[in-house]
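Reading through the structure tokens given below for one structure.
The values are calculated or read from the model by the stated rules, or taken from the named source; none is laboratory data. Remember, predicted model here, so these are calculated numbers, not experimental data. A quick note on method: Cβ atoms are made from the backbone with ideal geometry, for glycine too, and the neighbour counts reach across all protein chains shown.
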Amino acid sequence: MSTLVPPHRRVLLTTVSSDSHTWNLVFLQLLLEEAGHQVLNLGPCAPDDLILASIRTYRPDVLVVSTVNGHGRMDGARLVRRIRADPSIRYVPAVIGGRLGIHGGAEAGTVTELLGAGFDAVCNERTDPRTLTNLLLELGTKAEPKKGVA
Ligand code: B12
């Protein structure tokens, strides 16, 4: 069990529906809990509907999407478009990171595409995961989406 130290954020941690990788989620949960954040981890292959329902019930300060199978670019864009289209949850700040594409994450346009779809911040595989803890503090204070870029 984690000890919550303010300022902390309620974080909904998930991956995308196609992604069965698990240790990225375990790693990020431990990292964020160690920094004092409260984390609900939905585990691998979370369907979009489960993620949307969890945002409604858990009311996180920030949604963190971690994906490494290479389909995050497509699945993440689809997911965040659905979130931004739903008036009851559209303002939840959302960050995505990991290995976002199938060619090692260096694909031009991926960051722009995911920001355009509705993410507030996009991290690639060169982003140091430790920067996420401060990013959450920044994003968690935002009232409206689409204000940050990592
Ligand atoms: C174990 C593994 C599997 C296992 C997963 C078991 C499980 N239950 O977790 C199995 C065998 C199921 C698997 C399947 C597949 N895998 Co796999 N897998 C791996 C492997 C070897 C290790 C992943 C791991 O656990 N890493 C440990 C965790 C802690 O590290 P991480 O995942 O890299 O996450 C770190 C960072 O990415 C970052 N990070 C992650 N998310 C986020 C989010 C934010 C916001 C931030 C800031 C940082 C961040 O922080 C983490 C800690 O540093 C990697 C190769 C590798 N050595 O990394 C391939 C790898 C991820 N797999 C890959 C592929 C292609 C697949 C398959 C598509 C293969 C196939 N053809 O079937 C399937 C996909 C299945 C699916 N539906 O998703 C590719 C992805 C390629 C890409 N994205 O460019 C990799 C990179 C292998 C490769 N070099 O090609 N895989």
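Close Cβ contacts (under 9 Å, 6 or more residues apart or on different chains) running from residues in region 11-40 that are farther than 25 Å from I83 by Cα to residues that are in a helix (DSSP H, G or I) and near the ligand (Cβ under 7 Å from one of its atoms) comprise L31/L132; A35/L132.
Checked against the criterion of being of a type in the set (G, A, S) and not in a loop (DSSP other than H, G, I, E, B), region 18-39 contains not a single residue that satisfies it.
The number of residues in region 14-55 being on the phi > 0 side of the Ramachandran plot and in contact with a helix residue (DSSP H, G or I) (Cβ under 8 Å, 6 or more places away or on another chain) comes to 1.
Consider region 77-105. How many of its residues are on the phi < 0 side of the Ramachandran plot and either in a helix (DSSP H, G or I) or within 14 Å of the ligand (Cβ to nearest atom) (or both)? Break it down into steps so the answer makes sense when it comes.
The initial filter retains those residues of region 77-105 that are on the phi < 0 side of the Ramachandran plot, namely 77-97, 99-103.
Among the residues that remain, those that are also either in a helix (DSSP H, G or I) or within 14 Å of the ligand (Cβ to nearest atom) (or both) are: 77-84, 93-97, 99-103.
Adding up the residues that qualify gives 18.
For region 22-49, the candidate set comprises residues that are within 7 Å of the ligand (Cβ to nearest atom) and under 14 Å from L132 (Cβ atoms); within that set, the residue that is nearest to the chain's Cα centre (by Cα) is L28. When M74 is tested against the conditions (1) among the aliphatic types (A, V, I, L, M); (2) surrounded by 22 or more Cβ atoms within 10 Å (Cβ to Cβ); (3) assigned to a helix (DSSP H, G or I), the lone failure is (2).
Just name the residue that is surrounded by the fewest Cβ atoms within 10 Å (Cβ to Cβ) out of those in region 127-150 that are among the charged types (D, E, K, R) and modelled with pLDDT under 85.
E144
Scanning region 50-70 turns up one or more residues that are at pLDDT below 95 and closer than 18 Å to R99 by Cβ.
Cβ contacts < 8 Å: first residue within 12 Å of S17 (Cβ to Cβ), restricted to region 74-95; second residue of a type in the set (D, E), any location; separation 6+ or different chain. Result? These pairs meet every condition: D75/D19; R78/D48; L79/D48; R82/D48. For beta carbons closer than 7 Å, sequence separation of 6+ or different chains, a first residue in region 107-135 that is in a helix (DSSP H, G or I) and a second that is β-branched (V, I, T) and surrounded by fewer than 18 Cβ atoms within 10 Å (Cβ to Cβ), the qualifying pairs are L115/V149.
Test N69 against the criterion of being near the ligand (Cβ under 8 Å from one of its atoms) and surrounded by 16 or more Cβ atoms within 10 Å (Cβ to Cβ), and give yes or no. Yes. When the test is whether a residue is within 11 Å of the ligand (Cβ to nearest atom), at pLDDT below 95 and at negative phi, A108 does not pass it.
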